[in-house]
Amino acid sequence: MTILYLLCIIASQLTVVFSSAGNVWTYKDSLGPDHWHLDYPHCGGIRQSPIDLQTRDVVVDQAYLSPIIFSGYDRAPKLFYTLENNGHTVQCGLNDKTMEISGGGLRDTYVAEQFHFHWGATDERGSEHSLNGKHFPMEMHIVHYNKRYENFSISVDKSDGLAVLGFFFEIGRFNKHVQEIIDHFVEIQYKNENITINSIPLNDLMPARLTNYFRYIGSLTTPPCYESVTWTIFNETIEIAEEQLVQFRTTIFENDKSDGGLPMDITDDYRPVQCMFRRRLYASHPSLKYNMEAGKTINSGASYVLSRLVFTYFVCVWSFVT
């Protein structure tokens, strides 16, 4: 049993006397991720997300993890999307329930509900998941609920209730499809502002190659952190221009317009990576187990992960001895 595994067990079993107030949560300070479990017990579970995708540890299963079948992703739905600033992220409600995924090791068919983003204040961080210790500047999640259940609300806490597709962003070419979302930021700058926008095919937002991916069982990455998610993280990244990413960092605020205070940018809206415990990480192709490109890209993002691990170590040790 490794030291890291022991530390994970200690961290998950910690009990505290004091609780944060109400059911309010943030990404920083006394209401940040380190305290979520006080109000949301599931956040202290042993199947939490996100995680660091360690390619050396993956189990390759090409037969089980066949290509995912995307239905309706190649066309724009008839209904408008609902774009909103919920104080934690930019989220787009799809409204139309005709976009589905199946196959790819999924036991059921899942209906697309919404997509949203997580981003950082610098290019070295922002994604929730990391790859061999490397974080990306942004990550997009497309959230689906199990079609066997009536809707998202009923599915959200079921063990097989949700399937989320995760995509990493890298700085590169101007992304005209993401720009269709960014163009509306001025209308949803503050918390709880929302508008309707023209629908676009989800295929336009995703990479061209979708056969190489990682798979594991985890949770929502925000409270209440239900452990109900089958995660699929794709290896191929999405390009976005630096100036587009700046729009995420500077024009979307976490506070309400009526607060009267200075606007507070939503940046670093991501949860730190969680312990794997005894879970397995699967891959759809052998190349993902020995991804040399991933090894070359470990840079300052890795140092940030290391600092988080050191911090967690001292918190766990201090709590254990006291």
In the range 36-56, how many residues are within 21 Å of GLY104 (Cα to Cα) and either of a type in the set (Gly, Ala, Ser) or at pLDDT below 95 (or both)? 1
Only one of (1) in contact (Cβ under 8 Å) with a residue 60 or more places away in the chain; (2) outside any loop (DSSP other than H, G, I, E, B); (3) among the hydroxyl-bearing types (Ser, Thr, Tyr) is not met by SER102, so which one is it? (1)
Can you give me the number of residues within the range 69-89 that are in contact with an Asp or Glu (Cβ under 8 Å, 6 or more places away or on another chain) and among the acidic types (Asp, Glu)? 1
Taking strands (runs of 3 or more DSSP E) that do not extend beyond the range 23-99, which have at least 1 residues that are closer than 30 Å to LYS257 by Cα and hydroxyl-bearing (Ser, Thr, Tyr)? 81-85
Need at least 3 residues that are farther than 25 Å from HIS88 by Cα and in contact (Cβ under 8 Å) with a residue 24 or more places away in the chain per element, so show me which strands (runs of 3 or more DSSP E) inside the range 148-221 make the cut, counting only ones lying wholly within it. 213-218
Pairs returned, first residue in the range 257-275 that is surrounded by 15 or more Cβ atoms within 10 Å (Cβ to Cβ), second residue that is of a type in the set (Lys, Arg) and modelled with pLDDT under 90, beta-carbon separation under 7 angstrom, 6 or more apart or interchain, are PRO272/ARG308
Among residues of the range 123-151 being under 17 Å from the mean Cα position of the chain (by Cα) and aromatic (Phe, Trp, Tyr), the residue farthest from ILE46 (Cα to Cα) is PHE136
Of those in the range 181-195 that are under 21 Å from the mean Cα position of the chain (by Cα) and under 29 Å from ASN235 (Cα atoms), the residue surrounded by the most Cβ atoms within 10 Å (Cβ to Cβ) is ILE181
Across the range 238-256, what is the total count of residues that are surrounded by 12 or more Cβ atoms within 10 Å (Cβ to Cβ) and in a helix (DSSP H, G or I)? 7
Residues (modelled with pLDDT of 95 or more, surrounded by fewer than 23 Cβ atoms within 10 Å (Cβ to Cβ) and of a type in the set (D, E, K, R)) located in the range 135-176: LYS147, ARG148, ASP157, LYS158, ASP160, GLU170, ARG173, LYS176
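Evaluate the following for ASN198: is it polar (S, T, N, Q), modelled with pLDDT of 95 or more, surrounded by fewer than 17 Cβ atoms within 10 Å (Cβ to Cβ) and more than 19 Å from the chain's Cα centre (by Cα)? If you could, list the steps in order and put the result at the bottom.
Working: polar (S, T, N, Q): yes; modelled with pLDDT of 95 or more: yes; surrounded by fewer than 17 Cβ atoms within 10 Å (Cβ to Cβ): yes; more than 19 Å from the chain's Cα centre (by Cα): yes.
So ASN198 passes the test.
The values are calculated or read from the model by the stated rules, or taken from the named source; none is laboratory data. Keep in mind it's a predicted model, so treat the numbers as computed, not measured. Using ideal geometry, Cβ is built from the backbone for each residue, glycine included, and neighbour counts are taken over all protein chains shown.
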